[in-house]
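Written out below as structure tokens is the structure these notes cover.
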Amino acid sequence: MSLGLVFLGVMCLGLVVAGYLFVQIYKWREREEKALSFVTLQVAVPKDNEVKIDAMEQFFASLYTLFKSKKVFFDMIDLTFLQPQEVISFEIVALQGDIRFFVSMHSKNRELIEKQIHGTYPGAQISEVEDPNIFTENGQVAFASMKLKMSNYMPLKIFRDLAVDPMSLITSSLAKISDGEGMAVQILISPAPNDWKSKGRKFISRTKKNESDPEKAKFNVDPKTLEAI
């Protein structure tokens, strides 16, 4: 009897693993084809532009229009998890004495990205270029990736709370590289699923309630920050 249960358990586990692998293979079946359809744009903004830094908030918010959903049977079954979301790469690439900004996206999204950039920075110059390369034949490579320790709807210190422009801190560090060195900072963004927004709203509601009672408060969050979220 026990051997039968073990066999049944192994079979169930095998079916779960096989099902998971099938879903992943189906979801990413066009990954290579889409990757080869990416284009890279170099973006140059005039140094004397007077566009405020918070204009980028609206820029990123506008990119949520790329979100793709897939529902069947009168919207009763949500199959969005089988639909890979669009990915856009923002990159700062530095060589000695040269710092440039790039945006990489699927070719079908190029027109949207260009319109949003020009809408945010009317004086921006955009040109299609080859993928930037900071590597050399005999060079050594060091890299690091960063991710949030907690859920990404948790409060973060935003640019309004920083003493200096965060972009200036990044570019000043990149400007210090030596001859023969190269450095790149890449940020990948993708539309968040609907359950992310739901979890975020619940967190805000719970936090506001807790903040009204100091004994229950777990986070010291500025009410203005919560309103901004």
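Take the residues in the range 29-53 that are surrounded by 14 or more Cβ atoms within 10 Å (Cβ to Cβ) and outside any helix (DSSP H, G or I); name whichever of them is modelled with the lowest pLDDT. Even if it seems obvious, please write down each step before you answer.
Step one: filter the range 29-53 for residues surrounded by 14 or more Cβ atoms within 10 Å (Cβ to Cβ), giving 34, 38-43, 45, 51.
Those left that are additionally outside any helix (DSSP H, G or I): 38-43, 45, 51.
Values: Phe38: 96, Val39: 96, Thr40: 97, Leu41: 97, Gln42: 97, Val43: 96, Val45: 88, Val51: 79.
Applying the filter and picking the extreme gives Val51.
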Problem - Set Lys115, Lys108, Lys149: member being among the basic types (Lys, Arg) and outside any helix (DSSP H, G or I) - result: Lys149
Practice task
Could you please tell me which pairs satisfy a Cβ distance under 6 Å, a separation of 6+ or placement on different chains, a first residue in the range 39-51 that is in the same structural domain as Ile92 (by TED's automatic domain parsing), and a second residue that is assigned to a loop (DSSP other than H, G, I, E, B)?
Solution key: Thr40/Asp131; Val43/Ala124; Val45/Tyr121; Val45/Ala124; Pro46/Gly123; Asn49/Gly123; Val51/Tyr121
Practice task
State yes or no: is Lys157 farther than 24 Å from Val43 by Cα, in contact with a Ser or Thr (Cβ under 9 Å, 6 or more places away or on another chain) and outside any strand (DSSP E or B)?
Solution key: yes
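For the range 171-189, give me each residue that is assigned to a loop (DSSP other than H, G, I, E, B) and in contact (Cβ under 8 Å) with a residue 12 or more places away in the chain.
Going through the range 171-189, the residues assigned to a loop (DSSP other than H, G, I, E, B) turn out to be 175-181.
Across the range 171-189, the qualifying residues are Ala175, Ile177, Ser178, Asp179, Gly180, Glu181.
Would you please name the residue that is nearest to the chain's Cα centre (by Cα), looking only at residues in the range 161-170 that are part of a helix (DSSP H, G or I) and farther than 18 Å from Val51 by Cα? Walk me through how you get there before you give the answer.
Step one: of the range 161-170, the residues part of a helix (DSSP H, G or I) are 161, 166-170.
From what is left, the residues that are farther than 18 Å from Val51 by Cα are 161, 169-170.
Working: Asp161: 21, Leu169: 20, Ile170: 18 Å.
For the range 161-170, the residue satisfying everything is Ile170.
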Problem - Contacts under 9 angstrom Cβ, first residue in the range 54-67 being outside any helix (DSSP H, G or I), partner aliphatic (A, V, I, L, M), 6 or more apart - result: Phe67/Ala192
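Results for (1) over 21 Å from the mean Cα position of the chain (by Cα); (2) closer than 24 Å to Ile204 by Cα, shown as yes or no for each residue.
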{"residue": "Gly123", "(1), (2)": "yes, no"}
{"residue": "Ser127", "(1), (2)": "yes, no"}
{"residue": "Pro132", "(1), (2)": "no, no"}
{"residue": "Leu148", "(1), (2)": "no, yes"}
{"residue": "Ser151", "(1), (2)": "no, yes"}
{"residue": "Ile158", "(1), (2)": "no, yes"}
Practice task
Name the one entry in Leu112, Leu95 that is out of contact with any Asp or Glu (no Cβ under 7 Å at 6 or more places or on another chain), buried (at least 16 other Cβ atoms within 10 Å of the Cβ) and within 22 Å of Ala184 (Cα to Cα).
Solution key: Leu95
Fill in the blank from the handout: Of (1) in the same structural domain as Val39 (by TED's automatic domain parsing); (2) of a type in the set (Asp, Glu); (3) at pLDDT below 85, Glu91 satisfies every one except (3)
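The values are calculated or read from the model by the stated rules, or taken from the named source; none is laboratory data. What you are looking at is a predicted structure, and each value in this text was computed from that prediction instead of being measured. Every residue, glycine among them, receives a Cβ derived from its backbone with ideal geometry; neighbour counts consider all protein chains shown.
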